[in-house]
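One structure is given below, encoded as structure tokens.
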Amino acid sequence: MATSAGQVRGVARDGIAGFLGIPYAAAPEGPLRFRPPAPAPGWDGVRDATAFGSAPPQLAPGPGAPAAWRPGDGLDCLTVNVWTPQAGAARLPVMVWIYGGLWKYGAASMPHYDGAALAGSGVVVVTFNYRVGFEGFGQLPGVEDNRGLRDQLAALEWVRENIAGFGGDPDRVTVFGQSAGAAATALLATAPAAAGLFRRAIAQSIPAGARTPDEAEAVTAAIAAAAEVPPTAEALAALPPEALLAVQDAPLRTMAGPTAFAPVIDGDLVTGPPWTAFRAGAGRGVDLVCGFTHEEYRGQGPPAPPGVDVAAVAEAFGLDRAAAAAYRRSQPTLDDAELCTVMLSDAVVRMPTTWVAEAHAAAGGRTWLYDFAWRGPTLGAAHGIDVPLVFGTATTRPAARFLGSPPPADAAALSADLRAAWTSFAATGDPGWPRFHPDRPTTRIWDTPPTDAPYPLDASRRIWQRHAARS
């Protein structure tokens with residue numbers, strides 16, 4: 001198979017050809033470290049594309065979890081993977097995945113992102129690595145911000161230039177992502193630099209969060225101080241990645257949240273939260289499916305303890321204390337801990353995703369909204385449960401956290417329904433349920449069986465409209 005940099009050789013299995021670890025940009029090391037992605041160097045002969053490239057530098061996501069990256073792996077991580085049911089001139093719809101992971105974890109090689117089953121539905125599937133943590137989102141004087149997002153743009157440009165040879169249609173590209181990947185999807189949909197690179201977008205669980213330049217500067221200062229070097233590009237680039245990883249959470253000593261990293265409001269790729277850009281009409285020409293899991297906070301943090309101060313939790317997430325009483329009136333049967341799960345699910349994902357849907361639709365965009373309500377046997381309808389069901393990878397180790405092992409009997413049918421909806425949207429622009437309008441907010445409820453209903457979180461939406469200050 002020919003690419004712009006040289007020939008590659010993949011491997012076929014069960015009617016799907018896979019091409020793994022193809023460079024889409026040069027290794028971000030040496031003088032290219034902390035710089036925007038540079039073109040990948042070419043090669044002679046035929047390159048084996050049968051194994052994933054290295055993950056970007058990162059720590060293991062938790063105790064006992066396998067590490068995606070080890071110090072010996074280095075920095076040569078900017079690679080792309082393609083699964084196709086029909087190489088050549090088929091011009092199939094293309095689906096390009098952006099992984100999540102709090103902006104500090106993630107790799108396209110993770111087993112629940114395997115694209116073979118999804119490609120079996122008649123699409124070309126692309127996954128890729130982008131820089132995370134300080135390598136991708138640390139702010140440095142004299143260096144462009146949001147290198148991780150710029151990596152994503154470079155991968156999409158690679159798709160535009162090369163995907164026809166793999167059987168894909170460069171004019172029918174759908175970007176899809178979850179969590180941080182969903183936020184990136186929404187931000188790219190509104191970015192002028194991404195215009196023409198994709199036609200449709202699926203954003204699964206869009207979180208709030210972007211750093212102002214001052215906040216990002218404070219993150220860099222804290223990390224540099226913990227590493228005992230000046231907060232300059234030269235000093236920090238002289239450190240090996242593992243030295244920065246060892247202190248990447250130093251800013252969390254004085255700031256709330258599970259991660260110090262997020263896209264930086266640079267006035268270029270990122271002008272603010274994605275709903276503000278959609279509200280102004282940016283991205284109106286990109287068709288958008290977005291949604292949330294019904295219990296987003298489950299699996300994201302420790303459950304609230306009995307007797308938790310609900311009003312204090314409300315204030316910590318930008319609501320006034322009266323909002324806690326409004327939540328209690330709207331959910332009178334829940335105890336304090338359960339009420340906090342509802343409130344936190346709203347704060348971290350469900351309301352930001354709702355605001356994106358409302359803003360995109362109000363500006364004239366074609367918008368669809370969903371609520372993933374099916375409850376897995378371990379964590380319920382938790383953040384991330386939808387990912388292995390979309391990819392058809394329900395029996396992988398990461399999926400077992402949500403689905404158990406083996407998965408419940410009805411998981412296979414739900415997975416098939418999700419893949420059919422996502423690939424239908426990629427192919428035709430119609431996921432199979434009515435569009436979302438602010439005055440007619442029809443929502444797909446993903447359960448067994450799926451149903452369509454009015455927007456299910458109206459009480460929460462009214463509370464946030466009344467009691468929150470947001471951009």
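Read-outs throughout are calculated quantities, based only on the coordinates presented, and are distinct from any laboratory measurement. Everything quoted here is computed from the prediction, not taken from an experiment. Counting neighbours? That spans all protein chains shown, and the Cβs are built from the backbone with ideal geometry, glycine included.
The packing ranking of peptides 331-337, 258-264, highest mean first, is 258-264, 331-337, where packing means the average number of other beta carbon atoms within 10 angstrom of each residue.
Packing here is the average count of other Cβ atoms within 10 Å per residue, and on that basis the peptides 112-120, 124-132, highest first, run 124-132, 112-120.
When restricted to Cα atoms, segment 215-273 yields an Rg and a Dmax of 12.2, 33 Å, respectively.
The equivalent ellipsoid that matches the C-alpha gyration tensor of the chain spans semi-axes of 33, 28, 21 angstrom, in descending order.
Extension gain, residue 171-residue 29: 0.36 nm per intervening residue step, less the Cα-Cα distance, totals 47.8 nm.
With the simple model of a label 7 Å out from the Cα in the direction of the Cβ, residue 242 to residue 458 spans 5.7 nm.
For the peptides 190-199, 265-274, 444-453, residues were scored by their other Cβ atoms within 10 Å and the scores averaged per peptide; the highest-first order is 265-274, 190-199, 444-453.
Over the chain, DSSP H runs of length four or greater, each weighted -39,500 (n - 2.57), average out per residue to a 222 nm ellipticity of -9000 deg cm²/dmol.
Compare the Cα positions of 90, 176, 51 along the charge dipole of segment 2-467 (+1 at Cβ of Lys, Arg; -1 at Cβ of Asp, Glu; about the Cα centre) and return the one farthest towards the positive end. The Cα lying farthest towards the positive end belongs to 90. Using 0.36 nm per residue and subtracting the Cα-Cα separation, the extra length available between residue 43 and residue 420 on full extension is 131.9 nm.
Of all complete DSSP H helices in the chain, not one has a Cα span along the helix axis of 27 Å or greater and a mean Kyte-Doolittle hydropathy of 1.6 or more.
Express the Stokes-Einstein translational diffusion coefficient of segment 245-292 in µm² s⁻¹, to the nearest whole number, given a Kirkwood radius over alpha-carbon pairs, 20 °C and a viscosity of 1.002 mPa s. Calculated translational D: 158 µm²/s. Applying 1/(1 + (r/R0)^6) with r as the Cβ-Cβ distance of residue 321 and residue 440 and R0 = 35 angstrom yields a FRET efficiency of 0.55. If a/c stays under 1.5 just call it rounded; otherwise compare a/b with b/c (prolate if a/b is bigger, oblate if not). Do that for segment 321-428, with a ≥ b ≥ c from the square roots of the Cα gyration tensor eigenvalues. Since a/c reaches 1.5 but b/c is at least a/b, the shape of segment 321-428 is classed as oblate. Compared with the alpha-carbon gap, the fully stretched path from residue 13 to residue 217 is longer by 68.7 nm at 0.36 nm per residue. According to a simple spin-label model (label point 7 Å from Cα along Cα-to-Cβ), what is the distance in nm between residue 144 and residue 161? In this crude label model, residue 161 to residue 144 measures out at 1.4 nm.
If you sort the three axes of the alpha carbon gyration tensor as a ≥ b ≥ c, you get a/c of 1.5 or more for segment 102-243 and a/b above b/c, which makes it prolate.
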